[in-house]
Number of protein chains: 2
Amino acid sequence: MIEYSRQPHYLVAVDCIVFGFDGEHLKILLVKRGLEPEINKWSLMGGFVGPSESPDDAANRVLKKMTGLEGVYLEQMQIYGEPHRDPIERTLSVGYFALIDIHKYEAQLNDDYEAEWFLINDRPKLIFDHDKMVADARKKLRYKAALHPILFEMLPKKFTIPQLHILFEEVNDTKIDTRNFSRKITSTGLLIKLAEKDRTGSKKGAFYFKLDKKKYAANAQAFLSLVPNLKV
Amino acid sequence: MIEYSRQPHYLVAVDCIVFGFDGEHLKILLVKRGLEPEINKWSLMGGFVGPSESPDDAANRVLKKMTGLEGVYLEQMQIYGEPHRDPIERTLSVGYFALIDIHKYEAQLNDDYEAEWFLINDRPKLIFDHDKMVADARKKLRYKAALHPILFEMLPKKFTIPQLHILFEEVNDTKIDTRNFSRKITSTGLLIKLAEKDRTGSKKGAFYFKLDKKKYAANAQAFLSLVPNLKV
DNA sequence: ATTATTAATTGTCTTTTTGACAATTAATAA
DNA sequence: TTATTAATTGTCAAAAAGACAATTAATAAT
């Protein structure tokens, strides 16, 4: 008969892959680790799950602490639980990916952490199994974004179709036809065209759009097939 | 500065939602819990994660122990980590769902566990948050099965289109047009028609099919849109 | 003032896929 | 030989997808 008391206990942590988009490229937010082992090495932002919080709570707390942001789009990915993934002591980590508007993020000065954005394709080697986590997160982001309208989370409230287009290409690492993309994205009914134009990118300027919040909430779980020739 | 030693440690468990199909209805395999608290109450099959195994290892071990089956289709769902989900001591549980061919399962006599199949829609109340887990698993099964050819895992090696049809209807809790379903499922190229017929269900008999293993392996990650008017 | 330039926006056509719908076929039972 | 039952196959219209290029709105250059 199994008894609770005989069972081993482990540390449980969360690690967050924070994605952002600077208008050109997909980026992730990394921090310099503030504790041994591997102190001062680049790492995902993470922390241990406290006694009175769920892993989801912990992930939100960590994000708040390290980015200053609340109410961030956060999604549980999977658990990383190989016995020796942390060399000091067995620690299971719940991986999350987060999507944030890079412009909202104001670096929080903090003695323990220095956070910095890196191009997803040009980032330093990370500690432990964090490189695997990033790879998994990217895959899952691609999967999810192909079917659900979540990439808006990485754009400002007002955005243009060309911005959205580049973001989709960046996430899926593929070229998408402008005309077909435009048709698809507008046919979702999720976008509301504004009178204002963004004139920073071109002479003609591109119309701003915003999300139809109501329809977005209603369609958050809808499948939308937003990427052509989908193969994941 | 955070130190490992100060951090709290928790029990980590796995719980498996085991789905099966008897030819008519979707079923789940439940066990009578063999330890306090809630001893002898119906529960998902689960167990603690041992010191030298990953959660995936633990889930496979539990399944092997309680069903006698190895190499079962197993998929990590999410972590259940509310602080007080287990009244005795904080335990985080990794939820898995498994798909097995109900006919392969031979009840393993075991002092600690009595396993039994229940109709998914007519099952006893479960302990802790296990009812929530079942609901989540069902949702995820539906989601996954709508896009990936995984339901074959619940059928024998030789199966008929009508069997598959009923299974899809059962999982999605909806009627699917026979003709359209047949067209779609065969157009995947995943099925190989056999010469033999299953004569148990009708006078005419239905041709057996088997999976094209190679194509199945290649398409396991492909999107297939197998369910009409998909809304998840 | 006119023209050149640049990027945003819009449009057409064909092919493929979907969804709605019913007739035919292969066996056994009457 | 006919009735019965479930499996199998077929058609058509609508919608979606994919390939492809012309037009437009602005500014810059002449």
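The values are calculated or read from the model by the stated rules, or taken from the named source; none is laboratory data. Everything numeric in this text was worked out from a predicted model, so none of it was measured. All Cβ positions, even for glycine, are placed from backbone atoms using ideal geometry, and neighbour counts span all protein chains on display. The area values use the complete protein model at the heavy-atom level, side chains included, leaving out ligands, DNA and RNA. Shrake-Rupley method; radii C 1.70, N 1.55, O 1.52, S 1.80 Å.
Points to keep in mind about this one:
- The residues in the stretch A:160-214 that are among the β-branched types (Val, Ile, Thr) and away from DNA strand C (no atom under 11 Å from the Cβ) can be counted, and the count is 5.
- Any chance A:Thr160 is open to solvent by 40 Å² or more (accessible area, probe 1.4 Å), more than 14 Å from chain B (Cβ to nearest Cβ), closer than 29 Å to A:Ile192 by Cα and within 16 Å of DNA strand D (Cβ to nearest atom): no
- Members of the stretch B:4-51 that are at the interface with chain A (Cβ under 9 Å from one of its Cβ atoms) and in a loop (DSSP other than H, G, I, E, B): B:Gln7, B:Pro8, B:His9, B:Gly34, B:Leu35, B:Glu36, B:Val49, B:Gly50, B:Pro51
- Against the conditions (1) surrounded by fewer than 17 Cβ atoms within 10 Å (Cβ to Cβ); (2) within 14 Å of chain B (Cβ to nearest Cβ); (3) within 27 Å of A:Leu211 (Cβ to Cβ), A:Leu119 satisfies every one except (2).
- Residue check for B:Ala218: within 14 Å of chain A (Cβ to nearest Cβ) and either away from DNA strand C (no atom under 12 Å from the Cβ) or in contact (Cβ under 8 Å) with a residue 24 or more places away in the chain (or both): yes
- Residue, nearest to DNA strand D (Cβ to nearest atom), within the stretch B:176-229, restricted to residues that are aromatic (Phe, Trp, Tyr) and modelled with pLDDT of 90 or more: B:Phe207
- Residues of the stretch B:166-175 that are at pLDDT below 95 and either within 11 Å of DNA strand D (Cβ to nearest atom) or on the phi > 0 side of the Ramachandran plot (or both): B:Asp173 alone.
- Taking the stretch A:190-218 as the range and being loosely packed, with under 11 Cβ neighbours inside 10 Å and over 22 Å from A:Ile166 (Cβ atoms) as the test, the residues that pass are A:Ala195, A:Lys213, A:Lys214, A:Ala217.
- Residues in the stretch B:156-195 that are charged (D, E, K, R) and more than 11 Å from B:Phe207 (Cβ to Cβ): B:Lys157, B:Glu169, B:Glu170, B:Asp173, B:Lys175, B:Asp177, B:Arg179, B:Arg183, B:Lys184.
- Per the conditions (1) away from every other protein chain (no Cβ under 14 Å); (2) part of a loop (DSSP other than H, G, I, E, B); (3) within 27 Å of B:Asp56 (Cα to Cα), the sole criterion not satisfied by A:Glu82 is (1).
- The residues of the stretch A:30-85 that are among the charged types (D, E, K, R) and on the phi > 0 side of the Ramachandran plot amount to a single one, A:Glu38.
- The lone criterion from (1) within 14 Å of chain A (Cβ to nearest Cβ); (2) of a type in the set (Asp, Glu); (3) assigned to a loop (DSSP other than H, G, I, E, B) left unmet by B:Glu70 is number (1).
- Near pairs, Cβ below 8 angstrom, 6+ apart or cross-chain, from the stretch A:122-145 (among the small types (Gly, Ala, Ser)) to any residue that is open to solvent by less than 40 Å² (accessible area, probe 1.4 Å) and not in a helix (DSSP H, G or I): A:Ala137/A:Ile17; A:Ala137/A:Phe19; A:Ala137/A:Met77; A:Ala137/A:Gly95; A:Ala137/A:Phe97; A:Ala145/A:Leu226; A:Ala145/A:Val227
- The listed residues are A:Lys184, A:Lys193, A:Lys157, and the only one of them that is over 23 Å from A:Lys140 (Cβ atoms) and touching a residue at least 24 places away in the same chain (Cβ under 8 Å) turns out to be A:Lys157.
- Filter pass, B:Phe97 being among the aromatic types (Phe, Trp, Tyr) and within 14 Å of the chain's Cα centre (by Cα): yes
For every residue, the table says whether it meets (1) farther than 25 Å from B:Arg142 by Cα; (2) of a type in the set (Lys, Arg); (3) not assigned by TED's automatic domain parsing to the domain that holds B:Ala135.
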{"residue": "B:Leu69", "(1), (2), (3)": "no, no, no"}
{"residue": "B:His84", "(1), (2), (3)": "yes, no, no"}
{"residue": "B:Arg90", "(1), (2), (3)": "yes, yes, no"}
{"residue": "B:Gly95", "(1), (2), (3)": "no, no, no"}
{"residue": "B:Lys104", "(1), (2), (3)": "no, yes, no"}
{"residue": "B:Glu114", "(1), (2), (3)": "yes, no, no"}
